[in-house]
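Read through the structure below, which is laid out as structure tokens, and then see the notes.
Only the coordinates and a few stated rules stand behind these numbers; no lab work does. Only a predicted model underlies this, so the values are computations on that prediction, with no experimental measurement involved. All Cβ positions, glycine included, derive from the backbone under ideal geometry; neighbour counts span all protein chains shown.
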Amino acid sequence: MSTAEETAGGEIEPWEEVTPDAARRLLVAAVEAFAERGYHATTTRDIAGRAGMSPAALYIHYKTKEELLHRISRIGHDRALGILRAAAAGEGDATARLADAVSSFVRWHAGRRTTARVVQYELDALGPDARAEILDLRRQVDGEVRRIIEDGVASGEFAVLDVHGTTLAVLSLCIDVARWFNIDGPRTPDEVGALYADLVLRMVGAAK
């Protein structure tokens, strides 16, 4: 089982959006290669070899290496945004929704750490159009967290003087989990998610 497919809980990242099977295999191979070697150091031959295919076969499904990165980035950001939207729309007060948003976002970055590293740290390798599309998704991610914090300030649950700066700090804290999380480490994704939710609630001055 590839590291791009496996989470700390042994779950599978199905990439069900990607068809046919050969295109999915190439995408999974690209995730592994980009995470391990970096986008610029990875060749299309490296990706095809990991997928057990010839270099020529890759171009049947993806015109360029950048198209692969764009597809990975789009799917990853869509999933991350979906996680935060679900938490933001959930029941409960701002404190409960922020805790849910942080714990869920952190669990994704830990459990899908290989994919998350590529999604979060290879943005600058994209061309202008693709980069602009991903930056728009990132603004939407920022907006979901910012609105929860704004709700908490308005309700008196949070003591935050700089909502924009606090939003950036919260997201940076969550995203960085993908960089250091180790499946063989002392904590599971669930445990890290719970820890970070507690830290963020303290950061915004929630009474809990």
> Helix 21-37: angle to the longest alpha-carbon principal axis of the chain, degrees 0 to 90, nearest 10?
Replying inline: 70 degrees
>> If R₀ is 41 angstrom, what is the calculated FRET efficiency for the pair SER155 and ASP176, using the beta carbon separation as r and rounding to 0.05?
In response: 0.90
>> Mean-square fluctuation check for the chain, GNM, Cα pairs under 10 Å: which of ALA86, ALA110, ALA29 is largest?
In response: ALA86
> What number, in nm² with one decimal, is the all-direction average of the projected area of the convex hull of the alpha-carbon atoms of the chain?
Replying inline: 11.7 nm²
>> How big is the dipole moment of the chain about its Cα centre under a simple scheme where the beta carbon of each Lys and Arg is +1, that of each Asp and Glu is -1, and everything else is neutral? Debye, nearest 20, please.
In response: 440 debye
> Using 0.36 nm per residue, how much length does the chain from SER54 to HIS164 gain when fully extended, once their Cα-Cα distance is taken away?
Replying inline: 34.8 nm
>> Per DSSP helix of 4 or more residues, -39500 (n - 2.57); summed, then divided by the residues of the chain. What does that give at 222 nm, rounded to the nearest 500?
In response: -22000 deg cm²/dmol
> Expressed in nm², what is the orientationally averaged projection area of the convex hull enclosing the Cα positions of region 23-123?
Replying inline: 6.6 nm²
> With axes computed from alpha carbons, what is the tilt in degrees of helix 189-203 against the longest principal axis of the chain, rounded to the nearest 10 within 0 to 90?
Replying inline: 40 degrees
